[in-house]
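Taking it in order: structure first as structure tokens, then the write-up.
The values are calculated or read from the model by the stated rules, or taken from the named source; none is laboratory data. Quick caveat, the model's predicted, so the values are computed rather than measured. Cβ coordinates were reconstructed from backbone atoms using ideal geometry, including for glycine residues, and neighbour counts include every protein chain displayed. Heavy atoms of the whole protein, side chains included, go into the accessibility calculation; ligands, DNA and RNA do not. Shrake-Rupley method; radii C 1.70, N 1.55, O 1.52, S 1.80 Å.
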Amino acid sequence: MFDLTGRTAFVSGAGQSVGEGIAKVLARQGASVIVNDLHADRAEKVAAAIIEEGNRAVAAPFDVTDYDATRDSMRAAEAELGGQVNIVVNNAGVAEGRMIKPFRDLAPAEWRAPIDLNIFGAMNCIKAAIDGMCDAGWGRIVQISSGSARTGQNINQTMYATGKSGIEGFIRHLAAETGQYGVTANIVALGHQKNLEDKMPAEMIDAILRTIPIGRLGDPIEVGAFCAYLASDEAGGITGQTLDFNGGSQTR
Ligand SMILES: NC(=O)c1ccc[n+]([C@@H]2O[C@H](COP(=O)([O-])OP(=O)(O)OC[C@H]3O[C@@H](n4cnc5c(N)ncnc54)[C@H](O)[C@@H]3O)[C@@H](O)[C@H]2O)c1
């Protein structure tokens with residue numbers, strides 16, 4: 001079950017945290033994995049760790065908001081791995097220098113980065129692979145999103161949530177277009193993940209934990225396992241869905 005042998009997966013922003021977990025699990029299930037990240041050292045480290053485990057990977061450092069770089073790097077990585085991308089996981093979603101400010105304090109020039117990354121970055125990766133998947137009659141797209149796309153929260157993240165909401169709408173429509181070609185597209189809406197422990201003070205983490213029924217933060221390997229399922233043959237009947245991965249959090 002959930003065997004990905006012979007598949008070629010592309011994971012954006014896979015140089016650390018959630019994306020690293022996704023790339024590792026897809027590789028453990030048999031896929032050859034293209035490990036993308038903006039930072040070459042991160043992508044190379046994760047690709048090397050996957051190879052160390054006896055699985056197949058190649059590092060592909062580039063900025064997903066640049067379509068030409070996305071297309072050209074994906075083709076080069078495919079040539080290296082000897083397979084066409086048929087699984088796309090759009091994980092990159094936290095823009096460099098992320099702004100955590102109320103909307104009133106954001107200048108118009110600060111609105112774009114999270115929207116560019118979450119909407120255009122994700123569309124670029126899909127665009128670079130979609131024709132190959134549709135022509136082959138099989139493909140899997142997994143969009144990593146956030147509960148904040150569907151719930152108003154006082155967390156100074158209006159633009160991030162705008163990007164996530166926008167790409168969720170895109171994925172639902174895309175799924176309706178591509179189902180006839182055997183290409184599914186689903187959204188995994190994450191709640192709070194383990195790597196927040198490195199980014200937030202302990203009191204804030206404690207407050208978050210009180211809102212999560214399972215009493216702990218999400219684990220990248222668990223997110224990877226969910227993505228591996230959605231990328232498998234067995235998940236061919238699921239498309240256009242938003243699936244929450246949040247430990248039962250009511251705030252999403
Ligand atoms: N961590 C959480 O609690 C949480 C909660 C909800 C949703 N998410 C979503 O999960 C995904 C992963 O989040 P994370 O916390 O692991 O992020 P992270 O910041 O720890 O890692 C993301 C990686 O993406 C890379 N990246 C950024 N911009 C890029 C670009 N333009 N091109 C290529 N790579 C780029 C970064 O270099 C980084 O290595 C994101 O989509 C995020 O919105 C995370």
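Here the chain exposes an accessible surface that is 52 percent carbon and sulfur, computed with a 1.4 Å probe and the other protein chains kept in place.
Taking the convex hull of the alpha carbon positions in the stretch 8-245 and averaging its projected area over all directions gives 12.7 nm². Counting only protein chain heavy atoms and rolling a 1.4 Å probe, the accessible areas of ASP41, ASP72, ASP116, ASP135 rank, largest first, as ASP135, ASP41, ASP72, ASP116.
In the chain, helical runs assigned H by DSSP with n ≥ 4 each contribute -39500 (n - 2.57); averaged across all residues and rounded to the nearest 500, the mean residue ellipticity at 222 nm is -12500 deg cm²/dmol.
Here the Karplus relation 6.51 cos²θ - 1.76 cosθ + 1.60, evaluated at θ = phi - 60°, turns the backbone of the stretch 187-194 into coupling constants of 10, 10, 8, 7, x, 5, 10, 3 Hz, with x for every Gly and Pro. Among the GluC sites (Glu not before Pro) found in the stretch 13-103, those both in a DSSP coil and sparsely packed, with 12 or fewer other Cβ atoms within 10 Å of their Cβ, are GLU53, GLU96.
With every protein chain kept in the model, how would you rank TRP111, TRP138 by accessible area, 1.4 Å probe, largest at the top? Could the numbers behind the result be given before it?
On the way: TRP111 95, TRP138 40 Å².
Largest accessible area first, the residues go TRP111, TRP138.
Residues in the chain average 46 Å² of solvent-accessible surface per residue, probe 1.4 Å, ligands and nucleic acids excluded.
Taking trypsin sites (Lys or Arg not before Pro) across the stretch 79-114, the ones in a DSSP loop with at most 15 further Cβ atoms lying within 10 angstrom of their Cβ are ARG98.
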